[in-house]
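A.B. asks: First, the structure itself, so that you have it in front of you.
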4 protein chains.
Amino acid sequence: MEKKTLLTHCTDAPGLISKITNICYKHQLNIIHNSEYVDNTSGHFFMRTELEGYFNDETLLADLDNALPQGAKRKLISSTRKRVVILVTKESHCLGDILMKNFDGSLNVDIAAVIGNYDVLQGLTEKFDIPYHCVSHEGLNRQEHEQKMLEVINQYDPDFVVLAKYMRVLTPAFVEQYHHKIINIHHSFLPAFIGARPYQQAYERGVKIIGATAHFVTNDLDEGPIIKQDVIPIDHTFSAKDMAQAGRDVEKSVLSKALSKVVNDHVFVYGNKTVIL
Amino acid sequence: MEKKTLLTHCTDAPGLISKITNICYKHQLNIIHNSEYVDNTSGHFFMRTELEGYFNDETLLADLDNALPQGAKRKLISSTRKRVVILVTKESHCLGDILMKNFDGSLNVDIAAVIGNYDVLQGLTEKFDIPYHCVSHEGLNRQEHEQKMLEVINQYDPDFVVLAKYMRVLTPAFVEQYHHKIINIHHSFLPAFIGARPYQQAYERGVKIIGATAHFVTNDLDEGPIIKQDVIPIDHTFSAKDMAQAGRDVEKSVLSKALSKVVNDHVFVYGNKTVIL
Amino acid sequence: MEKKTLLTHCTDAPGLISKITNICYKHQLNIIHNSEYVDNTSGHFFMRTELEGYFNDETLLADLDNALPQGAKRKLISSTRKRVVILVTKESHCLGDILMKNFDGSLNVDIAAVIGNYDVLQGLTEKFDIPYHCVSHEGLNRQEHEQKMLEVINQYDPDFVVLAKYMRVLTPAFVEQYHHKIINIHHSFLPAFIGARPYQQAYERGVKIIGATAHFVTNDLDEGPIIKQDVIPIDHTFSAKDMAQAGRDVEKSVLSKALSKVVNDHVFVYGNKTVIL
Amino acid sequence: MEKKTLLTHCTDAPGLISKITNICYKHQLNIIHNSEYVDNTSGHFFMRTELEGYFNDETLLADLDNALPQGAKRKLISSTRKRVVILVTKESHCLGDILMKNFDGSLNVDIAAVIGNYDVLQGLTEKFDIPYHCVSHEGLNRQEHEQKMLEVINQYDPDFVVLAKYMRVLTPAFVEQYHHKIINIHHSFLPAFIGARPYQQAYERGVKIIGATAHFVTNDLDEGPIIKQDVIPIDHTFSAKDMAQAGRDVEKSVLSKALSKVVNDHVFVYGNKTVIL
């Protein structure tokens, strides 16, 4: 017996749940968990079905294609652990959190490698017996540096690239190679404080709450589909530096929750939004 | 076109989602929203299906009965507003919250009457043009008082009875008449501080968080199926009285959220627990 | 015996706490609660002292003036209830929340009047025996309308003006008359979604959290000193309308918490920020 | 210039703040932060004062003793890092969190050693170059085992002993040696679910929220002064095992927040409660 997850999305039409679950039933697949959502504004249907049984992928997908409307997207994903590459700069809190959660089994990924533009986090990474590559940007223009980064990343063929406080902006060429596969943590409650130094901006505005946003990276900086956001209350006693310190807890928590949703196949990207089932 | 909600629960079996959604499809009913859950410990299946279309209740239920396992429970509920009777004593915050939320349309019930064992809340109730009955317990034993309460309640034939800080314990005879239809708000995070004066108990224990619990009333005091709980942080500066004051916000919020789930047909009671879909 | 609150703020200097508390001690005033804060960036000192005893305001303030640095601000506030005027348009949730909290004693203000540019909320206001004035903007330009509003407001000589979903922008002339005395609730987590239709903006951006911000009104729209913010999680199932509905709970909660802080003399405005002691 | 924290508590009396701050002023010590609290029920005064300057501890304390009421307790604590020993059994999440937070500088302690009754967490501990001692309880009675534990603990002369999911009950003899210096994390929202298997108890009760409690250990199991509590929402889909998994995040967060308060001298123990300034 195997477990797989079926993700379906298409234009809404009558009887879709019935058709899809019928096909699963005929294939003698047991539905462990099912969730669906219809976006009434766009008339689009989304369904996530956790299945258990003996799979004949080819005939199952063919049956689905026959039954579903023109243009439907469906994907049958096996439950093996996703392979991720993590990009970092100097700050350890997000990387450390992912490493520790993976160590104690609460995050279920295969961390293929960590790549940094400094060597600051090499020691931390290697404590967990994970390869670390330092790809310095010194003396390189953005394109040259990214080229070298991509060479290292690509050799691991990752399912997802995680920017765990990687403090450099990516070019469209890079983003394109990993379309909707790059997850970033932004240190503000987007769209508040887009751009640089969000905690300094937050301090100057005198906000009473700060937050963090995990999102897929697209070509528009800080504008990609949001996966997860969370906040913590602050008050007038917080300097910009205190906010940054307090914000680290939210940043790492939001990033690892988003990553968990993504690698466990809960996240659809549709337009510039996510549907999380 | 009408809207109705189908609640089904039964022993789990292969193909249940498929069978139920097929029947809806054949009846040309559109599924607006569907959620299901299987309790793996007990092997029990729960499904809530919001439907839209032209209903033939009799044949739909007959078709379901044919398809579902022996002993299955199914209920087709029309989307009319539920009728509730609210029981109170002297404190206004929970009653006030329900009255105001109903006034501004964020809670969708038909408040048939408010009944108190004092007349303190008569003025507040009548501001909203709702009948108030004062049924004093003075000079009556518990049974006699409940008998008089039930006479007033029963004349309104309520779908649910809401105890909005009604500070008297109900007898089994009362509870039996409204089995799983009486919703109480308990002013603690159950099962902490069961029984009387929970805030005084919380003060003495020095807790850092207080809460409230909305539950269905059963014969075991404070032991019925929990619908909703929430908490707020407190600290050493809170006296028992301060806690009671702060707790009011949680109490009213928890009670009206629980009530909203119940009257919108989201809540299954199974054993001594709730499944909320 | 009386209770008063002393608010002091000035350039930081050594011994300020000692000097102020000494003076209170010499005046045989008991300190019930004291809190202080130094903003290290600006080198500014803030202190809030709740006092109990027999007050000789004149000599107390004179003693303080002698002891405090040049330019110090100090204010001795008696503990009588603050008088507020509430401005509304059509939505009832914030007004209703304030009325009900005031009714049950959890918000401690004297609501002198409610003024709306429509008559929609007249019935609700009058349930609580509070005068309602409808000052329609129909056929008037902004200045003419504000003039009429001010005439009504001024006759109540309010300590604070509360914009409880008053959906019109105020002119600088209006704001100037009630400098740091006008409290507004903005239906977003500022500075995200400044301006009109924040829930529609939030929907389009696909955020996973929405919020509300209570702030003092200044001439810069949505840019005044923030008093209180809070948020609630949402997900992909929320339309812009659902967000608006869900947001109401946060809006009213944030507004009444901010108002409570303000009328109980906890809030200093310094620069474009608040210090809340 | 040095930084020290002065903790004072005594029977309440007029002028205490004034007297204490006067003495600091005369010693030319700058007050960086001051907070005080009077427990009106017991008439007890607590004050925490962060000071900066050149300290003459002896004369400062003598001056305070002269000024304060009979029986006053005062302690002047230098700002060096506290030394802690961590006790563990098999679960890594709390230990891992403390190790990582200490690594990235967000928790400011000196972890002298980790001691376990199994060797499961030796590898994790040694990644961070911290000594690990396995003191097995196999073949020993409780007293014999504790004796061996104490021998190892005592050689590090710790300021605090942290039970990071150490799953054995301590004897009064052990507790006495580290009176109000042992911090435990209990995996429930105390006093709910005292004793063994709290998540199983929570599952059976059908609660909608689970929590964790950090407290000082006293001779009464799970009854010591509470330092910090927090909760997370759960629903009907959580098995006891799922709750345990979800609860780990709260447990580690609560334990490290409590530890941070304790080692930064914010916590007074008074009766069976904590006052946190």
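The values are calculated or read from the model by the stated rules, or taken from the named source; none is laboratory data. Worth saying up front: this structure is predicted, and the values here are computed from it rather than measured. Here the Cβ is made from the backbone with ideal geometry for all residues, glycine too, and neighbour counts use every protein chain on show. The protein model used for the area step is the full one, side chains on, heavy atoms only, and it has no ligands, DNA or RNA in it. Shrake-Rupley method; radii C 1.70, N 1.55, O 1.52, S 1.80 Å.
A.B. asks: Which of the following residues is open to solvent by 40 Å² or more (accessible area, probe 1.4 Å), farther than 19 Å from B:His236 by Cα and of a type in the set (Lys, Arg): D:Lys241, D:Lys257, D:Lys208, D:Lys252?
C.D. replies: D:Lys241
A.B. asks: Which residue is nearest to C:Gln70 (Cα to Cα), if the candidates are limited to the range C:1-58 and must be within 9 Å of another protein chain (Cβ to nearest Cβ), in a helix (DSSP H, G or I) and open to solvent by less than 60 Å² (accessible area, probe 1.4 Å)?
C.D. replies: Result: C:Leu16.
A.B. asks: Could you identify the single residue in B:Tyr54, B:Tyr25 that is of a type in the set (Phe, Trp, Tyr) and in contact with a Lys or Arg (Cβ under 9 Å, 6 or more places away or on another chain)?
C.D. replies: Checking each option against the conditions leaves just B:Tyr25.
A.B. asks: May I pose another question? Determine which single condition B:Gln245 fails, assuming it passes every other condition in (1) modelled with pLDDT of 95 or more; (2) within 8 Å of another protein chain (Cβ to nearest Cβ).
C.D. replies: If we test B:Gln245 against (1) modelled with pLDDT of 95 or more; (2) within 8 Å of another protein chain (Cβ to nearest Cβ), just (1) comes out false.
A.B. asks: Another question about this same structure. Taking the residues in the range A:260-274 that are open to solvent by 50 Å² or more (accessible area, probe 1.4 Å) and among the polar types (S, T, N, Q) as candidates, determine which candidate is farthest from the other protein chains (Cβ to nearest Cβ).
C.D. replies: That would be A:Asn264.
A.B. asks: Against the condition in the same structural domain as D:Arg168 (by TED's automatic domain parsing), without any contact (Cβ under 8 Å) to a residue 24 or more places away in the chain and either in contact with a strand residue (DSSP E or B) (Cβ under 9 Å, 6 or more places away or on another chain) or under 29 Å from D:Asn264 (Cβ atoms) (or both), how does D:Ser106 come out, does it pass?
C.D. replies: In short, yes.
A.B. asks: Read through the list (1) touching a residue at least 12 places away in the same chain (Cβ under 8 Å); (2) in a helix (DSSP H, G or I); (3) closer than 20 Å to C:Ile32 by Cβ, then give the number of the only condition that B:Phe238 fails.
C.D. replies: Going through the list (1) touching a residue at least 12 places away in the same chain (Cβ under 8 Å); (2) in a helix (DSSP H, G or I); (3) closer than 20 Å to C:Ile32 by Cβ, B:Phe238 breaks only (2).
A.B. asks: Now, a different point. Does B:Gly247 satisfy the criteria of being of a type in the set (Gly, Ala, Ser), buried (at least 17 other Cβ atoms within 10 Å of the Cβ) and not assigned by TED's automatic domain parsing to the domain that holds B:Tyr37?
C.D. replies: Judged against the criteria, B:Gly247 is a match.
A.B. asks: Next question. Name every residue in the range A:74-86 that is in contact (Cβ under 8 Å) with a residue 12 or more places away in the chain and out of contact with any Leu (no Cβ under 8 Å at 6 or more places or on another chain), in order of residue number.
C.D. replies: Within the range A:74-86, A:Ser78, A:Ser79, A:Arg81, A:Lys82, A:Arg83, A:Val85 meet the criteria.
A.B. asks: If A:Val85 passes every condition in (1) under 19 Å from the mean Cα position of the chain (by Cα); (2) part of a loop (DSSP other than H, G, I, E, B) but one, which one does it miss?
C.D. replies: Going through (1) under 19 Å from the mean Cα position of the chain (by Cα); (2) part of a loop (DSSP other than H, G, I, E, B) one by one, A:Val85 breaks only (2).
A.B. asks: Cβ-Cβ below 7 Å, separation at least six or inter-chain, first residue in the range D:259-277 and outside the structural domain of D:Asp110 (by TED's automatic domain parsing) and free of Cβ contacts under 8 Å to residues at least 60 places away in the same chain, second assigned to a strand (DSSP E or B) and among the polar types (S, T, N, Q): which pairs?
C.D. replies: Close Cβ pairs (under 7 Å, with a partner that is assigned to a strand (DSSP E or B) and among the polar types (S, T, N, Q)) do not exist here.
A.B. asks: Please go through (1) farther than 25 Å from B:Pro198 by Cβ; (2) away from chain B (no Cβ under 11 Å) for D:Leu277 and return the number of the only condition it doesn't satisfy.
C.D. replies: D:Leu277 satisfies all of (1) farther than 25 Å from B:Pro198 by Cβ; (2) away from chain B (no Cβ under 11 Å) except (2).
A.B. asks: Take the residues of the range A:1-26 that are touching a strand residue (DSSP E or B) at 6+ places or on another chain (Cβ under 7 Å) and free of Cβ contacts under 8 Å to residues at least 60 places away in the same chain: which is farthest from B:Phe45 (Cα to Cα)?
C.D. replies: Of everything passing the filter in the range A:1-26, A:Asp12 is farthest from B:Phe45 (Cα to Cα).
A.B. asks: Could you list, in sequence order, the residues of the range B:20-46 that are among the charged types (D, E, K, R) and over 30 Å from D:Tyr203 (Cα atoms)?
C.D. replies: B:Lys26
A.B. asks: Kindly indicate whether A:Thr49 is β-branched (Val, Ile, Thr) and within 13 Å of A:Thr8 (Cα to Cα).
C.D. replies: yes
A.B. asks: Given the conditions (1) within 11 Å of another protein chain (Cβ to nearest Cβ); (2) open to solvent by 40 Å² or more (accessible area, probe 1.4 Å), which single one is not true for B:Arg74?
C.D. replies: Among (1) within 11 Å of another protein chain (Cβ to nearest Cβ); (2) open to solvent by 40 Å² or more (accessible area, probe 1.4 Å), B:Arg74 violates only (1).
A.B. asks: Considering only residues that are at the interface with another protein chain (Cβ under 8 Å from one of its Cβ atoms) and either touching an Asp or Glu at 6+ places or on another chain (Cβ under 8 Å) or over 23 Å from D:His187 (Cβ atoms) (or both), which ones fall in the range D:93-114?
C.D. replies: D:His93, D:Gly96, D:Met100, D:Phe103, D:Asp104, D:Ser106
A.B. asks: Mind checking which strands (runs of 3 or more DSSP E) fall wholly inside the range A:111-199 and carry at least 2 residues that are open to solvent by less than 30 Å² (accessible area, probe 1.4 Å) and touching a helix residue (DSSP H, G or I) at 6+ places or on another chain (Cβ under 7 Å)?
C.D. replies: In the range A:111-199, the matching strands (runs of 3 or more DSSP E) lie at A:160-163, A:182-186.
A.B. asks: Considering only residues that are assigned to a loop (DSSP other than H, G, I, E, B) and within 7 Å of chain A (Cβ to nearest Cβ), look in the range C:211-235 and name the one that is surrounded by the most Cβ atoms within 10 Å (Cβ to Cβ).
C.D. replies: C:Pro225
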